[in-house]
1. Go through segment 340-356 and count every residue that is hydrophobic (A, V, I, L, M, F, W, C) and under 14 Å from THR388 (Cβ atoms).
2. If VAL176 satisfies every condition in (1) free of Cβ contacts under 8 Å to residues at least 60 places away in the same chain; (2) more than 15 Å from ARG130 (Cβ to Cβ); (3) not polar (S, T, N, Q) but one, which is the exception?
3. Considering only residues of segment 103-121 that are surrounded by fewer than 20 Cβ atoms within 10 Å (Cβ to Cβ) and not hydroxyl-bearing (Ser, Thr, Tyr), which is farthest from the chain's Cα centre (by Cα)?
4. Could we say that ALA323 is touching a Lys or Arg at 6+ places or on another chain (Cβ under 7 Å), assigned to a helix (DSSP H, G or I) and crowded, with 19+ Cβ neighbours inside 10 Å here?
5. Determine whether segment 159-176 contains at least one residue that is over 18 Å from ILE367 (Cβ atoms), open to solvent by less than 30 Å² (accessible area, probe 1.4 Å), in contact with a Phe, Trp or Tyr (Cβ under 9 Å, 6 or more places away or on another chain) and of a type in the set (Gly, Ala, Ser).
6. Of these, ALA235, ALA282, ALA314, ALA330, which one is at pLDDT 85 or above and over 27 Å from ALA97 (Cα atoms)?
Amino acid sequence: MARWWQRFGDAQLTALIDQALQANPSLLGAQAAVRQARATRDVQAAGLLPSAGASAGVGRSRQGNNDARNSYSAGLDASWEPDWWGAQGNRVDASEANARAAQATLESTQVSLAAEVAQTYVTLRGQQDRLRIAQQNLALQQQTLQITEWRVQAGLATSLESEQARQSTSQTAAQVPALQTSLAQSRHALSILTGQAPAALEAQLQAVQPVPLAPDDLAMTLPADTLRQRPDVRAAQHRVEAALSTLSAQEVANYPSLRLSGSLGLSALTLGALTNGASVAASMAAGLSATLFDGGANRAQIRAQSAAVDQAQASYQSTVLTALQEVEDALVQLQGDKERLLRLREAESAARNASLLANQRYQSGLIDFQTVLDTQRTLLSSQDSVSTVAANISTDHIRLYKALGGGWTPTEVADAAVPMARSSQP
């Protein structure tokens with residue numbers, strides 16, 4: 001399911017998606033957001049460990065007529081605030097959840113990007129097929145126009161029939177540049193999605209290829225529980241976890257905190273004496289602090305964070321409901337388009353037979369020219385509809401894979417930094 005597009009059996013589609021997953025600017029931005037979230041998590045985790053600092057100095061002094069003397073000193077300061085109430089640990093948990101949410105958001109971007117590239121590619125191939133149909137019908141109508149003009153010259157048809165044929169031919173010809181414009185725009189869109197200039201894929205996508213078709217059992221082979229693995233659902237879940245951890249940290253913000261600090265200093269008249277304990281000074285201190293009055297600020301912050309938890313939970317519920325709707329909609333659309341395509345193919349076959357019969361009867365003088373024009377228009381419309389809906393079925397499969405969260409590869413976010421830091425808690 002991670003590389004569902006390979007089941008379409010189109011090497012060019014696979015290459016375009018792979019390129020987009022490597023170079024798309026939006027995806028690169030999501031990757032940077034993951035790195036930022038991980039760095040923020042590591043900053044929070046570092047707060048659980050003791051901090052230390054070093055200093056060194058040199059001085060020169062003279063007393064009366066005595067010679068000047070040099071003095072050297074070095075010191076080491078350290079401090080540590082035990083996480084008695086778990087506030088810092090909860091902040092680390094919140095940062096870790098945010099990092100996981102950023103990773104899930106990256107994966108959600110991968111899902112959307114792969115689906116967008118595939119949908120645009122299918123649209124392009126469908127436009128090529130519709131252009132082929134329009135050009136074939138245009139050639140047929142040009143032949144009809146030529147025959148009509150001959151019949152007018154022979155006195156077998158009127159100028160009205162000639163003008164009607166010319167009008168129908170020009171109307172079909174007008175569809176060609178419109179389809180060519182849409183084709184160019186689709187090529188531009190694929191270039192941008194793959195992180196390139198708009199005209200970069202002009203030559204690569206110029207050749208006409210059929211619309212990639214998914215296997216008939218594609219939708220039926222998907223496991224039902226894949227929905228819970230949708231990256232956006234997991235991202236919403238991690239945001240709830242982050243909000244809950246932040247709330248827990250805020251609830252103990254006014255609890256007393258204990259800070260331990262100490263220093264070790266060395267001083268000597270010579271630089272070499274610093275290493276043999278010439279003069280050692282050490283001190284240890286502990287401080288207990290607590291907020292006695294803050295004007296209700298912390299209680300207000302707790303209420304604000306509690307509301308943030310409610311928002312995150314509501315967002316999670318909304319995301320799950322939206323995911324369910326997208327899956328149901330995709331399944332219904334897929335089934336409907338399959339049934340529609342079956343009926344349209346029947347209509348296309350009938351329209352083709354009607355067009356052949358109309359041409360034969362017109363040449364025999366049994367029907368008027370308007371009937372010929374009507375059957376040609378109907379045939380063109382039927383063929384165009386069949387091509388459009390056939391491409392829509394491929395797009396429906398893509399939407400279903402996107403709705404089920406396919407197209408991403410899980411990546412482990414947590415590393416050794418957080419477990420090591422949390423192990424320092426008392």
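The values are calculated or read from the model by the stated rules, or taken from the named source; none is laboratory data. Note that the structure is a prediction, hence the values are computed from the model and not measured. Positions of Cβ are generated from backbone atoms using ideal geometry, with glycine treated the same way; all protein chains shown enter the neighbour counts. Only protein heavy atoms, including side chains, enter the accessible area calculation; ligands, DNA and RNA are left aside. Shrake-Rupley method; radii C 1.70, N 1.55, O 1.52, S 1.80 Å.
1. Looking only at segment 340-356, we keep the residues that are hydrophobic (A, V, I, L, M, F, W, C), and these are 341-342, 344, 347, 350-351, 354, 356.
This time we only want the ones that are under 14 Å from THR388 (Cβ atoms), so: 341, 344, 347.
Of the residues in that region, 3 qualify.
2. (2)
3. GLN119
4. Working: touching a Lys or Arg at 6+ places or on another chain (Cβ under 7 Å): yes; assigned to a helix (DSSP H, G or I): yes; crowded, with 19+ Cβ neighbours inside 10 Å: yes.
Spelling it out, ALA323 is indeed touching a Lys or Arg at 6+ places or on another chain (Cβ under 7 Å), assigned to a helix (DSSP H, G or I) and crowded, with 19+ Cβ neighbours inside 10 Å.
5. Among the residues of segment 159-176, not one is over 18 Å from ILE367 (Cβ atoms), open to solvent by less than 30 Å² (accessible area, probe 1.4 Å), in contact with a Phe, Trp or Tyr (Cβ under 9 Å, 6 or more places away or on another chain) and of a type in the set (Gly, Ala, Ser), which makes the answer no.
6. On the way: ALA235 fails: over 27 Å from ALA97 (Cα atoms); ALA282 fails: at pLDDT 85 or above; ALA314 fails: over 27 Å from ALA97 (Cα atoms).
Answer to the check: ALA330.
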